[in-house]
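Contents: one structure, followed by commentary.
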Amino acid sequence: MQASDPQQYIARLAQHYQHYFGVEGKKAILDKGPREKLHPDFYLLEIPPNKRHNAFIYCTVGMSADRTDDNLIELFVLSPKADQKLVELLTYCASYHRTGRPLNIHHTVNVGQPWLDNSVCDHAFISLPYLDEDDLQLFNFGEHAIHCYWLIPITRAERDYKVENGCEALEQLFEEKELDYLNPARPCLTGK
């Protein structure tokens, strides 16, 4: 996809998120780091707790604004609190997405630091937004369907489990162990 108007893509994507969650979000921009790879109008949208989630939601807005391939995704992460670290996390993911190895569903990323506080979760897994309805996941822009995927913080051992056993096995582990996705202090689900 080459969006004929990336600004329109970004404006409509922000509306998509705000309509779905039913509240207005606040723009957040990382003032350091890998901005040169991003579309100049890229930002994060911080959505406060709302009728759908009693959590903050950070959403990429423009991660795929002018991509020309089939890796048309945007990401969001849920958090128990507002935190600038999540702006950094998603900005780095968006920057990586714009390299020769774009991100997509079921990929994992090395965050390189705890996602919040002193969490043991220093990796993340790109998942379908199982906690939400399909109308969040699909954002239609022109003739293209852009997927809004959930970025779930995980541990290195959970990432290794996914590599060894597959993404379905990791998602089954989440379900069996009742993943406490909003808890930065949660233990590793593999027991390692």
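The values are calculated or read from the model by the stated rules, or taken from the named source; none is laboratory data. For clarity, every value in this text was computed on a predicted model and none was experimentally measured. We place every Cβ from the backbone using ideal geometry, glycine too, and count neighbours over all the protein chains shown.
Results for (1) in contact with a His (Cβ under 7 Å, 6 or more places away or on another chain); (2) of a type outside the set (G, A, S); (3) farther than 21 Å from Y43 by Cα, shown as yes or no for each residue.
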site: D70; (1), (2), (3): no, yes, yes
site: F76; (1), (2), (3): no, yes, no
site: D117; (1), (2), (3): no, yes, yes
site: F139; (1), (2), (3): yes, yes, no
site: T155; (1), (2), (3): yes, yes, yes
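The rows are residues; the columns are (1) touching a helix residue (DSSP H, G or I) at 6+ places or on another chain (Cβ under 8 Å); (2) crowded, with 18+ Cβ neighbours inside 10 Å; (3) of a type outside the set (D, E, K, R).
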{"residue": "A124", "(1), (2), (3)": "yes, yes, yes"}
{"residue": "N140", "(1), (2), (3)": "no, no, yes"}
{"residue": "H147", "(1), (2), (3)": "yes, yes, yes"}
{"residue": "L151", "(1), (2), (3)": "yes, yes, yes"}
{"residue": "T155", "(1), (2), (3)": "no, yes, yes"}
{"residue": "V163", "(1), (2), (3)": "no, no, yes"}
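Please count how many residues of the range 90-110 are under 23 Å from D160 (Cβ atoms) and not aliphatic (A, V, I, L, M). Don't jump to the end; show me each part of the working.
Initial filter on the range 90-110 (under 23 Å from D160 (Cβ atoms)): 92-93, 96-97, 101-110.
Imposing the further condition that a residue be not aliphatic (A, V, I, L, M) reduces the set to 92-93, 96-97, 101-102, 104, 106-108, 110.
Final tally of qualifying residues: 11.
Within the group L179, L151, which residue is touching a Leu at 6+ places or on another chain (Cβ under 9 Å), part of a loop (DSSP other than H, G, I, E, B) and closer than 26 Å to R52 by Cβ? Please lay out each step first, then the result.
Working: L151 fails: part of a loop (DSSP other than H, G, I, E, B).
So the residue among L179, L151 that is touching a Leu at 6+ places or on another chain (Cβ under 9 Å), part of a loop (DSSP other than H, G, I, E, B) and closer than 26 Å to R52 by Cβ is L179.
Might you let me know whether the range 86-102 holds any residue that is part of a loop (DSSP other than H, G, I, E, B), under 22 Å from N183 (Cα atoms) and among the small types (G, A, S)? Working first, answer last.
Let us first name the residues in the range 86-102 that are part of a loop (DSSP other than H, G, I, E, B), namely 98-102.
If we keep only those that are under 22 Å from N183 (Cα atoms) too, we end up with none.
Within the range 86-102 (the criterion being part of a loop (DSSP other than H, G, I, E, B), under 22 Å from N183 (Cα atoms) and among the small types (G, A, S)), the answer is no, since none of the residues qualifies.
Give the range 110-153 a look and list any residue that's under 11 Å from the mean Cα position of the chain (by Cα) and among the β-branched types (V, I, T), or say none. Steps first, please.
Of the range 110-153, the ones under 11 Å from the mean Cα position of the chain (by Cα) are 124-129, 147-153.
Within the range 110-153, I126, I152 qualify.
Counting just the residues of the range 141-173 that are over 20 Å from Y58 (Cβ atoms) and of a type in the set (F, W, Y), which one comes out modelled with the lowest pLDDT?
The selected residue is F141.
Taking into account only those residues within the range 13-66 that are hydroxyl-bearing (S, T, Y) and not in a helix (DSSP H, G or I), which is surrounded by the fewest Cβ atoms within 10 Å (Cβ to Cβ)? Even if it seems obvious, please write down each step before you answer.
Going through the range 13-66, the residues hydroxyl-bearing (S, T, Y) turn out to be 17, 20, 43, 58, 60, 64.
The next check asks that each one be not in a helix (DSSP H, G or I); those that pass are 43, 58, 60, 64.
Details: Y43: 23, Y58: 25, T60: 27, S64: 29.
By that ranking, first place goes to Y43.
Can you name every residue in the range 131-158 that is among the aromatic types (F, W, Y) and more than 21 Å from P187 (Cα to Cα)?
Of the residues in the range 131-158, the ones among the aromatic types (F, W, Y) are 139, 141, 149-150.
If the condition is that a residue be among the aromatic types (F, W, Y) and more than 21 Å from P187 (Cα to Cα), then F139, F141, Y149 are the ones that fit.
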